[in-house]
Amino acid sequence: MYRWLLLVMLGTAAVPGMAQQTIDPAVFRALNAAQSAQQQGDYAAARKALEGAAAQSGSLEEALVWRSQAYVAWSAGHNAQAIDWLDKAVRSGKLDEDMLAGERLNLAKLNLGERRYARVVELLAPNQGQASEDVLQMLVQAYRGMNQPARALPLAERYLQANPNAADIWLQFLVGTNADLKRYAQAERWQRQLLARTPDDAKGWRQLAALQQMAGSNDKALATLRAAHTKGLRFSESELDNLVLLAGAADQPWQGAKLLAGLIDNGLLSSTPARQEHLGLFWWQARDRAAAVRVLRPLAERSGNGKHWLYVAQLELEQARWQAGLDALVQAERVGADRSKVRSWRQWAESELRFEREKRVASRN
């Protein structure tokens, strides 16, 4: 795949800046022979020609031989060897500035292919202020490979500023990376740009709502889903359920409760027993026990499920509503809830209720 790069530039026309530098004729012939063999796919002959080149140590000829050996190895698929040879040529200090810039870029490409991300950054970062599209792409990939996405963000943003019609993958990278870094406002901004390109993409609207929900803007998330629905876009119930579950995964039960309640109230999700239970548990996790009881008590009355009545009993008792809790325990026992759990909660509630009565009697005396 890299053969288009394998241009072993030997003559004065192919090697800018070398016209004033003397190259030993024997080494020149060896380089030419290696180039010819390489172009014919005879890598063994190319290596043999280069191994016979009597280049003086520390000379330009030696650097050119190393460079040629690198490209022969690269074209033969031996990338690790190619990196070693080309690295020696780059570090030699013998290549002119024009040639050195090209060799550093090719060396970075080789290192990127071998996932040597730190070396890619070392080679390309010093001149990133004037970086081309290829260099910016390589640096972004290298920083991601080093698990340093924050350093890749400004490079990707710069590229998009210069290329507003860049491929969607650039915008997707900025959305995903900002979201990973919990920079939800920035992620939303780039997601809106993606959505502007494909306004009828339901997935894009759902992604926008998810970002708003993760930022705690449940009203905005719900408004986004309603807007998509108005446009005629439809989401499956499982997609909306998963969006709600994001709140639980992010330890945001209050946001999850608000979003789920809004989806049900707006008719985007049907009000099933499972969703009512989920809604009640969200409120409970958010420590809004009164709201949880308002959801779970009617659910228990409809379902006749002992687990639901135990939920109600515990919620009432946590609010020191002892009689209401005891009444819920009676219902739980009646419909077959775990007797040991019912007994344990009842003993605690009755002891607390007795204590409160004794306090009231004592206060009157």
Please specify each residue of region 107-141 satisfying the condition of being under 23 Å from Ala167 (Cα atoms), out of contact with any Phe, Trp or Tyr (no Cβ under 8 Å at 6 or more places or on another chain) and among the acidic types (Asp, Glu). Asp134
Quick check on region 107-118. Is at least one of its residues under 22 Å from the mean Cα position of the chain (by Cα), of a type in the set (A, V, I, L, M), crowded, with 17+ Cβ neighbours inside 10 Å and part of a helix (DSSP H, G or I)? yes
Per the filter on region 195-214, residues more than 16 Å from the chain's Cα centre (by Cα) and in contact (Cβ under 8 Å) with a residue 24 or more places away in the chain are Arg197, Pro199, Asp200, Ala202, Trp205, Arg206, Ala209, Gln212, Gln213
Please list, ordered by first then second residue, the pairs with beta carbon atoms under 7 Å, 6 or more apart or interchain, first in region 271-283 and in contact (Cβ under 8 Å) with a residue 40 or more places away in the chain, second surrounded by 24 or more Cβ atoms within 10 Å (Cβ to Cβ). none
Qualifying positions in region 333-365 - assigned to a helix (DSSP H, G or I) and within 22 Å of Leu299 (Cα to Cα): Glu333, Arg334, Arg339, Lys341, Val342, Trp345, Arg346
Helices (runs of 4 or more DSSP H) wholly inside region 222-332 that include at least 3 residues being under 21 Å from Ala349 (Cα atoms): 289-303, 306-318
I need a count of the residues in region 71-101 that are under 32 Å from the mean Cα position of the chain (by Cα), in a helix (DSSP H, G or I) and not hydrophobic (A, V, I, L, M, F, W, C). 1
With the condition kept exactly as written, say whether any residue in region 174-187 is touching a residue at least 12 places away in the same chain (Cβ under 8 Å), outside the structural domain of Trp74 (by TED's automatic domain parsing), touching an Asp or Glu at 6+ places or on another chain (Cβ under 8 Å) and not β-branched (Val, Ile, Thr). yes
Which helices (runs of 4 or more DSSP H) sit wholly inside region 122-201 and have at least 3 residues that are under 30 Å from Ala227 (Cα atoms)? 149-162, 168-180, 184-197
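Being of a type outside the set (D, E, K, R) and surrounded by fewer than 18 Cβ atoms within 10 Å (Cβ to Cβ) is the filter here, so list the residues in region 279-299 that pass it. Give the steps one after another, and end with the answer.
Residues of region 279-299 that are of a type outside the set (D, E, K, R), as a first pass: 279-286, 290-293, 295-296, 298-299.
Selection gives Gln285, Ala290, Pro298.
Look at Ala73 and say whether it is of a type in the set (A, V, I, L, M), closer than 24 Å to Asp134 by Cβ and crowded, with 19+ Cβ neighbours inside 10 Å. Outline the logic, then answer.
Details: of a type in the set (A, V, I, L, M): yes; closer than 24 Å to Asp134 by Cβ: yes; crowded, with 19+ Cβ neighbours inside 10 Å: yes.
Spelling it out, Ala73 is indeed of a type in the set (A, V, I, L, M), closer than 24 Å to Asp134 by Cβ and crowded, with 19+ Cβ neighbours inside 10 Å.
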Scanning region 216-232 for residues that are β-branched (Val, Ile, Thr) and either surrounded by fewer than 16 Cβ atoms within 10 Å (Cβ to Cβ) or within 11 Å of Lys258 (Cβ to Cβ) (or both) gives Thr230
Per the filter on region 46-62, residues closer than 15 Å to Ala76 by Cβ, surrounded by 14 or more Cβ atoms within 10 Å (Cβ to Cβ) and not small (Gly, Ala, Ser) are Arg47, Lys48, Leu50
Residue pairs meeting the criteria (Cβ under 8 Å; at least 6 apart or on separate chains; first in contact (Cβ under 8 Å) with a residue 40 or more places away in the chain and at negative phi, in region 44-64; second buried (at least 20 other Cβ atoms within 10 Å of the Cβ) and in a helix (DSSP H, G or I)): Leu64/Val27; Leu64/Leu31; Leu64/Ala89
Looking only at region 318-348, how many residues end up being surrounded by fewer than 21 Cβ atoms within 10 Å (Cβ to Cβ), of a type in the set (A, V, I, L, M, F, W, C) and under 29 Å from Lys258 (Cβ atoms)? 2
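Quick check, is Leu86 more than 25 Å from Gly41 (Cβ to Cβ), out of contact with any Pro (no Cβ under 6 Å at 6 or more places or on another chain), surrounded by 21 or more Cβ atoms within 10 Å (Cβ to Cβ) and touching a residue at least 12 places away in the same chain (Cβ under 8 Å)? Reasoning before the result, please.
Values: more than 25 Å from Gly41 (Cβ to Cβ): no; out of contact with any Pro (no Cβ under 6 Å at 6 or more places or on another chain): yes; surrounded by 21 or more Cβ atoms within 10 Å (Cβ to Cβ): yes; touching a residue at least 12 places away in the same chain (Cβ under 8 Å): yes.
Spelling it out, it is not the case that Leu86 is more than 25 Å from Gly41 (Cβ to Cβ), out of contact with any Pro (no Cβ under 6 Å at 6 or more places or on another chain), surrounded by 21 or more Cβ atoms within 10 Å (Cβ to Cβ) and touching a residue at least 12 places away in the same chain (Cβ under 8 Å).
The values are calculated or read from the model by the stated rules, or taken from the named source; none is laboratory data. As the structure is a prediction and not an experimental result, all values here were calculated from the model. As a convention, Cβ positions derive from the backbone with ideal geometry for all residues, glycine included, and neighbour counts pool all protein chains shown.
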